[in-house]
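Single-structure report; data block below.
The values are calculated or read from the model by the stated rules, or taken from the named source; none is laboratory data. This one's a predicted model, so the numbers in the text were calculated from it and none came from an experiment. Note: ideal-geometry Cβ built from the backbone for every residue, glycine included; neighbour counts use all protein chains shown.
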2 protein chains.
Amino acid sequence: MTDIVTAAMIVIGDEILSGRTKDKNIGHLADIMTAIGIDLKEVRIVPDEEDEIVAAVNALRAKYTYVFTTGGIGPTHDDITADSISKAFGVPCEYDPKAYAMMEANYASRSMEFTEARKRMARMPRGADHIANPVSLAPGFRIGNVHVMAGVPSIFQAMLDNVVPTLKTGTKLISVTIECPFGEGTIGGPLGEIQKRHPDTIIGSYPKYLDGTFRTDLVVRARSPKALEAARAEVASMVAGLAEAAKAARPA
Amino acid sequence: MTDIVTAAMIVIGDEILSGRTKDKNIGHLADIMTAIGIDLKEVRIVPDEEDEIVAAVNALRAKYTYVFTTGGIGPTHDDITADSISKAFGVPCEYDPKAYAMMEANYASRSMEFTEARKRMARMPRGADHIANPVSLAPGFRIGNVHVMAGVPSIFQAMLDNVVPTLKTGTKLISVTIECPFGEGTIGGPLGEIQKRHPDTIIGSYPKYLDGTFRTDLVVRARSPKALEAARAEVASMVAGLAEAAKAARPA
């Protein structure tokens with residue numbers, strides 16, 4: 001039986017949209033989801049604006065098994081993710097007693113003031129669970145199927161490591177890559193025919209343009225090893241046939 | 001007078017969502033938009049699925065001044081962008097006579113077959129204008145406020161260079177960065193007060209976590225140099241005040 005589990009990601013932050021910061025979290029989440037058998041189906045990058053965050057959260061949490069957000073959970077005025085997620089779920093955003101006590105004790109032990117700004121990081125939607133932050137303490141949180149994590153890549157990655165074991169996963173998409181020395185214009189026709197004959201696979205063609213020549217990586221993906229191998233064999237045989245024809249056409 | 005011109009981007013491709021390919025186009029578009037005075041307000045990464053592409057195109061073209069897409073305009077079966085954009089606009093997707101003739105002549109001059117797959121790249125929505133492709137000939141296209149470009153970064157960048165001079169631009173957001181040796185927990189409170197006093201600016205706080213310590217880049221953005229300088233001076237003075245207080249508190 002094939003189980004399909006889906007996910008979407010929301011990257012929150014003006015700094016990504018202005019180009020000031022280059023996102024490093026999308027590729028990491030994509031890699032992890034693929035590795036554990038969850039299909040990442042959509043990513044949205046939205047600005048630090050409550051209406052936009054609420055709209056994206058509500059659209060995506062209704063459509064996919066899981067939603068993951070990054071960014072906007074720090075202590076400054078532009079960190080509005082906790083408020084926005086609360087609004088999306090229609091619950092109050094308030095100090096979480098466990099997070100508040102933990103952070104208060106931690107700052108006290110370091111003789112640092114537990115400022116109003118730092119207290120902001122203990123706010124979350126009522127009813128949310130913590131996502132532990134082993135790097136810098138202030139937790140992320142989960143409410144419903146939405147997982148809210150930090151934007152700083154090292155903290156996001158550590159939080160995600162804590163989330164992964166809690167997720168239901170599906171049948172993994174396995175894949176195989178066939179390197180092809182021809183451009184897509186040469187292989188497009190026969191490759192499309194192979195895709196039609198193997199509807200239980202996803203055949204992708206990824207051109208690389210190097211030194212004025214196109215080459216192609218042909219990637220077959222499937223949830224069943226048998227389906228994968230059947231399509232792979234046809235793709236490999238197509239590439240071998242074209243290579244032989246090209247060799248025969250070359251003047252001696 | 002302040003003119004605001006907005007944009008959204010749609011990145012089309014399963015390979016980005018699976019993690020196989022790491023996107024390099026979002027950051028580039030963000031940089032260019034900021035440089036020319038267009039506010040990139042949203043990015044969506046969607047799979048190679050017609051319904052998803054159509055929904056994203058129609059949602060975003062109604063909301064923003066411009067939409068830019070990357071990916072899915074090659075010659076293989078998984079390149080469905082031209083069909084999807086046509087469907088979004090409710091017009092036929094057909095061979096563009098100018099593109100067809102140009103490509104036919106080019107392949108003939110290189111003694112290469114103008115295969116059915118290659119002919120696919122001459123298809124576009126009826127009524128679309130070309131976006132020239134100086135790298136590998138097959139053009140992108142513009143229909144309405146939607147600009148459809150290649151996913152291969154070198155080709156995307158070359159196409160975008162051809163698009164930029166055709167765009168209406170707004171009053172640029174100018175910015176200044178103040179480096180701050182304190183974490184967000186220390187500066188969050190006073191920074192929020194400064195933001196409140198300067199509503200015509202956008203003050204962002206970007207934490208960096210290095211060697212176990214948080215530092216922060218404080219970025220003030222505004223469309224007016226005067227507003228920018230007023231807020232910048234207050235932020236700089238706040239940071240200087242905190243540094244002095246920290247020095248005074250240190251044991252002699």
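Some points to look at:
- When the residues of region A:153-201 are filtered to those that are away from every other protein chain (no Cβ under 14 Å) and not in a loop (DSSP other than H, G, I, E, B), the one that is farthest from A:Glu234 (Cα to Cα) is A:Asn162.
- Taking region B:205-246 as the range and being without any contact (Cβ under 8 Å) to a residue 12 or more places away in the chain, more than 26 Å from B:Ala35 (Cα to Cα) and in a strand (DSSP E or B) as the test, the residues that pass are B:Tyr209, B:Leu210.
- Residues being within 20 Å of B:Met121 (Cβ to Cβ) and within 28 Å of the chain's Cα centre (by Cα) - total across region A:211-234: 4
- Residues (surrounded by fewer than 24 Cβ atoms within 10 Å (Cβ to Cβ) and at pLDDT below 95) located in region B:38-77: B:His77
- The set of residues from region A:1-33 being part of a helix (DSSP H, G or I) and surrounded by 18 or more Cβ atoms within 10 Å (Cβ to Cβ) comprises A:Asp14, A:Glu15, A:Ile16, A:Leu17, A:Asn25, A:Ile26, A:Leu29, A:Ala30, A:Ile32, A:Met33.
- The set of residues in region A:115-142 being among the small types (Gly, Ala, Ser) and within 12 Å of chain B (Cβ to nearest Cβ) consists of A:Ala117, A:Ala122, A:Ser136, A:Ala138.
- Members of region B:54-81 found to be touching a residue at least 24 places away in the same chain (Cβ under 8 Å) and either among the acidic types (Asp, Glu) or farther than 18 Å from B:Asn25 by Cβ (or both), listed by number: B:Val54, B:Asn58, B:Arg61, B:Lys63, B:Thr65, B:Pro75, B:Thr76, B:Asp78, B:Asp79, B:Ile80
- The criterion of being more than 19 Å from B:Glu49 (Cβ to Cβ) and surrounded by fewer than 21 Cβ atoms within 10 Å (Cβ to Cβ) holds for B:Val91.
- Residue within region A:194-204 that is more than 22 Å from A:Thr34 (Cα to Cα), surrounded by fewer than 19 Cβ atoms within 10 Å (Cβ to Cβ) and either among the hydrophobic types (A, V, I, L, M, F, W, C) or at pLDDT 95 or above (or both) present: yes
- Residues satisfying the stated conditions in region A:14-51, i.e. within 7 Å of chain B (Cβ to nearest Cβ) and more than 16 Å from the chain's Cα centre (by Cα): A:Asp14, A:Glu15, A:Leu17, A:Ser18, A:Gly19, A:Arg20, A:Thr21, A:Pro47
- Any hit, region B:212-227, residues being loosely packed, with under 13 Cβ neighbours inside 10 Å and away from every other protein chain (no Cβ under 13 Å): yes
- For B:Glu94, the conditions (1) out of contact with any Asp or Glu (no Cβ under 7 Å at 6 or more places or on another chain); (2) within 30 Å of A:Ile38 (Cβ to Cβ); (3) away from chain A (no Cβ under 14 Å) all hold with the exception of (2).
- Condition met for A:Glu104 (among the charged types (D, E, K, R), surrounded by 14 or more Cβ atoms within 10 Å (Cβ to Cβ) and within 11 Å of chain B (Cβ to nearest Cβ)): no
- Pick from region A:34-91, criterion outside any helix (DSSP H, G or I) and of a type in the set (Asp, Glu), ranking: farthest from A:Asp161 (Cα to Cα): A:Glu49
- Failed criterion for A:Phe68 (all others in (1) among the hydrophobic types (A, V, I, L, M, F, W, C); (2) closer than 30 Å to B:Pro190 by Cβ; (3) touching a His at 6+ places or on another chain (Cβ under 6 Å) hold): (2)
- For region A:131-152, a tally of residues being surrounded by fewer than 17 Cβ atoms within 10 Å (Cβ to Cβ) and out of contact with any helix residue (DSSP H, G or I) (no Cβ under 6 Å at 6 or more places or on another chain) returns 1.
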